[in-house]
1. Return the equivalent ellipsoid semi-axes of the chain as a descending list in whole Å, where each equals the square root of 5 times an eigenvalue of the C-alpha gyration tensor.
2. Using Cβ contacts closer than 10 Å as the measure, can you line up 147, 154 from fewest to most?
3. Kirkwood Rh, the range 71-201, all Cα pairs: how many Å?
4. Could you tell me the center-to-center distance, by alpha carbons, between the range 282-359 and the range 120-157 in angstrom?
5. Just need the relative contact order of the range 500-578 here, percent rounded to a whole number, with Cα pairs under 8 Å and 6+ apart.
6. Once fully extended, how much extra length lies between residue 181 and residue 557, figured as 0.36 nm per residue of separation less the alpha-carbon to alpha-carbon distance?
7. May I ask for the distance between the Cα centers of the range 564-607 and the range 194-228, given as a whole number of Å?
8. For the range 477-608, calculate the relative contact order in percent as a whole number, restricting contacts to Cα pairs under 8 Å that are 6 or more residues apart.
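Quick note: the coordinates plus some simple rules give every number you see, no bench work behind them. Because the structure is a prediction, the values reported are computed rather than measured. We place every Cβ from the backbone using ideal geometry, glycine too, and count neighbours over all the protein chains shown.
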Ligand code: GLU
């Protein structure tokens, strides 16, 4: 089958198919739910979803379509994704009936010191905004290497073919929507500091008008060079040279008021990068198998541990207040363990199987007081002392880290049953703020996901910076199997709230019996071992919230920019995309109806 598809596609490419536009506009316009067969995509933007459908239509696998979606998002969702960043790719291969994962996380350059974000002149940590908008924060990007690795393993086409739709969108342009304009507003002051960034994203010196066409010929050209010369053009070639120059000699605009710090990223760092094959995390929950990403992300381990803790309660039979209370408390406890034990496994001995064991979950579950919320920060448990009874660990002074709130998650399924769940990011909205001059893409600030100073009291912190280390992520791209077959794929953006968003969607779906679209749309709350739980305004309006408050839960709405507290941002948590496999080949693609302006779900054959 694949051989046939590949031969057909080589002929198609020879005939110029890669130069075709992505395909006709989604017949139904932008919609957050679609049901049908033959393949499906749910991503943040209509052009990206169309790009994925176009590649599926030509016979590409889910991996091919995922590269088309991701590269198009690099054009249409430029502040959250792109080849200047990294991410985690989870793949269900219908041939082997197994789930595989790729770790495409950015890596600290070889010259990065442990005190990366300590100001040498004061001995104190840099402020978060100062660290973000700098060359210091730029990690070696992993996105392109991830695409190439995914295509080598599971693709039918090559990178050149799969970049085709994105090249067209970058050349022809796309209509600016309210979300992009709003994201530009939140970043306008720092984008204006850099000539390359303001030229691309602040046309005529101001915010782009809604409905105006944004073209990115530089990115089209960059993609074309990669298509022609391979990813070596980036990991060591001319594009790499430009990245290194940007990080060292920041392209400041005339009259810039910031004096951002340069970084140390080198061409040798780019040459040394590889996306890593990793075994997925796996837990059983309510009779299904939940697969996600292992460290260097904390996503799979923390969602998995929280599910295991919740497995000690029968949420479906509890009152909704009790069930949500258990959701919040399980997440609180799992975050304490995440912060203490999870980091890059090449540098830290992460006790992953113990964190995901049932005895450890029981040890943590028994700490949940049925009538009074735990006071955060709660101490981490001891996964090495599994025989212990229900003894609360000694409280320790732990700091709750500050993390970015933006990235993107999308999902793809093809006609033969392969599934992709892929979260990718440049970290903060707008990344480091640095567009590589002449190249059309932003560089990440992923290294700010390291803890700036030790966060675990006298215990070691697994997430301190080191040369060659991958900062701990929260990305949680997930695929759920039932009886060995795909049932669901889901993930979300949102920094550390990614974990709680995925967890809450799974609880909504498997404990509360919601459909996937309802589980995604439901109001969210995110407890991350903090004194107050971050909540959406709609969550506070639920009839269950007073009951949670009477159990000691406290809530806060987060609506200011982490880069500038004078800038108001949307208090929404996450922007998920998912798929549910309904049986008999039918697929439900489900995105956000409203958050981040709504996402774009589509199926290949809506008639079935
Ligand atoms: N840097 C974040 C992480 O890896 C993702 C960015 C975000 O969603 O804010 O967890």
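1. 35, 29, 22
2. Fewest to most other Cβ atoms nearby, the residues stand as 154, 147.
3. On the way: mean 1/r = 0.0566 Å⁻¹.
Across the range 71-201, the inverse of the average 1/r is 17.7 Å.
4. About 26 Å separates the Cα centre of the range 282-359 from the one of the range 120-157.
5. Reported as a whole number, the value is 26 percent.
6. Values: separation 376, 0.36 × 376 = 135.36 nm, distance 2.28 nm.
My answer for the length gained is 133.1 nm.
7. 26
8. Numbers: 198 pairs, mean separation 31.2, N = 132.
About 24 percent, as a whole number.
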